[in-house]
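Here's the structure, in structure tokens; my notes come after.
The values are calculated or read from the model by the stated rules, or taken from the named source; none is laboratory data. Keep in mind that what you see is a predicted model, and the values were worked out from it rather than measured. For neighbour counting, all protein chains shown are included, and Cβ atoms are generated from backbone atoms with ideal geometry for every residue, glycine included. Note: areas computed on protein heavy atoms with side chains; ligands, DNA, RNA excluded. Shrake-Rupley method; radii C 1.70, N 1.55, O 1.52, S 1.80 Å.
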Amino acid sequence: MTDSAAITITPVSTDKARKAFLDVAYRLNAGDPNWVPPLRAEAAEVIDRDRNPFFDHAEVQLFLAFRAGTAKPVGHISAHFDRLALSMPPKQGMGPGTGNWGLLEAEDEEVAAALIAKAEDWLRSRGMDRVLAPISLSIWEEPGLLTTGHDHPPTVMMGHHDARYQPWVEAQGYAPAKLLRTFEIDIRVPFPRLIQRIIASGEKNAKINVRKVRKADFDSEAAIILDILNDAWSGNWGFVPITDREVAHTGKKLRPLVREDLIMIAEYEGEPVAFMMTLPDVNKVIDEIDGKLFPFGWAKLLRWLRKPTNADMRVPLMGVRKNLQNTRLASQLAFMMIEYIRRAAVKEYGGTRGEIGWILEDNQGMNAIAEAIEAHVNREYTIYEKAL
């Protein structure tokens, strides 16, 4: 327990404290019209060491902040380090001695400063000498602090943070390490003629086959996507291998959102070499039910999941095998997958808007593809770093 004149920081170690931890975000963000309350069951799963496979290879401590004279917590944070991340080359962003904090929620700057200081102390006590933050909790979940795009709600699986947090974090000595971007596009508008010609050329190439994912073979299709993903992203900044258990866990969670015509696998000479995953944006419905399945939210959510309508789309993951990256073929396959998904999103789901990301600021290939289809940056997330 750490005490200051006005604020007490306590570790979360009981079921009661975990429930209090969960309640903080809903209470502090209730007045933000662009914050989408997550389903409470999913929020609880994130911090449950028995259900979240991130805990298989990470050490995590949650903290609650209390102001003197008040019973309700006024903020929370996680401090953690990922053993898989510690084994990565430092030139890729992670590496030995790199810890993280995340899940930051704070009533004011004083609370934020106390929480961050406590997380740093915990990381130092575990031998960490550097922080990358916020990362909540895995790099595959919600990395970065929203620093541009507070004026509209996030799409599925994207974070949203109070605009005040940026100066509060930077005041604690944190400097930007990497910028992550999302791109927005009106999917009702056909792509430029040059892109259409590239797609048409690919369709004439007998060596190329772009197909829908087969939901009936979900496990084997997921294995193909994982294999491409770990190869395609292995050299990226911030990369941490995703485990089989994490894939199974994520697949189970996302399965209700999976639509065969929104996930594409590209094959070249019969071998899977690229994929693109698109999810209908369930956040609109979750916002309408205020993150609560009971008593009536489950029925509305279930109806929408059976047939998503007027659905915005998000592309959270895309990958091309490393040996094809920075080639014309890689771009051609990407444009073909994007176009086929765009058509299905408009025709089958009434989609009008698509979002691609996040994309690293220095990922030249993906940034070029986004610009070529006339997408524009709509949100930016900053991952900060600090030496301990």
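Which one of the conditions (1) open to solvent by 50 Å² or more (accessible area, probe 1.4 Å); (2) modelled with pLDDT under 90; (3) touching a helix residue (DSSP H, G or I) at 6+ places or on another chain (Cβ under 7 Å) does V247 fail to meet, given that it meets all the rest?
Here V247 meets the rest and fails (1).
Please go through segment 48-81 and give me each residue that is in contact (Cβ under 8 Å) with a residue 60 or more places away in the chain and β-branched (V, I, T), ordered by number.
V60, V74, listed by residue number.
Taking into account only those residues within segment 224-235 that are more than 19 Å from S331 (Cβ to Cβ) and not hydrophobic (A, V, I, L, M, F, W, C), which is most open to solvent (accessible area, probe 1.4 Å)?
Only one residue tops the list, namely D227.
Given the options R259, R255, name the one that is of a type outside the set (G, A, S) and surrounded by fewer than 16 Cβ atoms within 10 Å (Cβ to Cβ).
Criteria check complete, one pass: R255.
I'm trying to understand the selection: among the residues of segment 331-383, which are charged (D, E, K, R), open to solvent by 40 Å² or more (accessible area, probe 1.4 Å) and assigned to a helix (DSSP H, G or I)?
R343, K347, E348, E371
A quick yes/no check of all residues on (1) open to solvent by 20 Å² or more (accessible area, probe 1.4 Å); (2) touching a strand residue (DSSP E or B) at 6+ places or on another chain (Cβ under 7 Å):
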| position | (1), (2) |
| --- | --- |
| A119 | no, yes |
| A133 | no, yes |
| L137 | no, yes |
| E142 | yes, yes |
| T147 | yes, yes |
| D151 | yes, no |
| M157 | yes, yes |
| H161 | yes, yes |
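Please determine whether any residue of segment 208-223 is closer than 30 Å to E385 by Cβ and open to solvent by 40 Å² or more (accessible area, probe 1.4 Å).
Checked against the condition, which is being closer than 30 Å to E385 by Cβ and open to solvent by 40 Å² or more (accessible area, probe 1.4 Å), segment 208-223 yields no hits at all.
Among the strands (runs of 3 or more DSSP E) contained in segment 67-164, which hold 2 or more residues that are within 17 Å of the chain's Cα centre (by Cα) and not small (G, A, S)?
In segment 67-164, 98-106, 145-148 are the strands (runs of 3 or more DSSP E) which contain 2 or more residues that are within 17 Å of the chain's Cα centre (by Cα) and not small (G, A, S).
Keeping to segment 305-330, report how many residues are modelled with pLDDT under 90 and either within 16 Å of I265 (Cα to Cα) or assigned to a loop (DSSP other than H, G, I, E, B) (or both).
Selection size over segment 305-330: 6.
Of all residues in segment 187-199, which are closer than 17 Å to I341 by Cβ and either open to solvent by 100 Å² or more (accessible area, probe 1.4 Å) or among the hydrophobic types (A, V, I, L, M, F, W, C) (or both)?
Selection gives I187, R188, V189, F191, I195, I198, I199.
Could we say that A6 is more than 21 Å from H161 (Cβ to Cβ), hydrophobic (A, V, I, L, M, F, W, C) and surrounded by fewer than 17 Cβ atoms within 10 Å (Cβ to Cβ) here?
Answer is yes for this residue.
Look at G97 and say whether it is touching a Gly at 6+ places or on another chain (Cβ under 6 Å) and closer than 22 Å to A175 by Cβ.
no
Sort out which residues of segment 268-284 are more than 24 Å from F54 (Cα to Cα), open to solvent by 10 Å² or more (accessible area, probe 1.4 Å) and among the aliphatic types (A, V, I, L, M), and write them in order of number.
Within segment 268-284, just V273 meets the criteria.
So, of the residues in segment 288-324 that are in contact with a strand residue (DSSP E or B) (Cβ under 9 Å, 6 or more places away or on another chain) and more than 21 Å from V258 (Cα to Cα), which turns out to be surrounded by the fewest Cβ atoms within 10 Å (Cβ to Cβ)?
The qualifying residue surrounded by the fewest Cβ atoms within 10 Å (Cβ to Cβ) is N323.
Exactly one of these conditions fails for A25: (1) in contact with an Asp or Glu (Cβ under 9 Å, 6 or more places away or on another chain); (2) open to solvent by 20 Å² or more (accessible area, probe 1.4 Å); (3) under 15 Å from E105 (Cα atoms); (4) of a type in the set (A, V, I, L, M). Give me its number.
Here A25 meets the rest and fails (2).
Sort through I242, I265 and tell me the only one that's more than 30 Å from R49 (Cβ to Cβ) and among the aliphatic types (A, V, I, L, M).
Among I242, I265, only I265 is more than 30 Å from R49 (Cβ to Cβ) and among the aliphatic types (A, V, I, L, M).
(1) at pLDDT 95 or above; (2) farther than 16 Å from L115 by Cβ: which one isn't true of F21, the others all being true?
(2)
Show the residue pairs meeting these rules: Cβ distance below 6 Å; 6+ apart or different chains; first residue within segment 356-372 and under 19 Å from T155 (Cβ atoms); second residue open to solvent by less than 20 Å² (accessible area, probe 1.4 Å) and among the hydroxyl-bearing types (S, T, Y).
Once the first residue is under 19 Å from T155 (Cβ atoms) and sits in segment 356-372, its partners that are open to solvent by less than 20 Å² (accessible area, probe 1.4 Å) and among the hydroxyl-bearing types (S, T, Y) give G357/T182; W358/T182.
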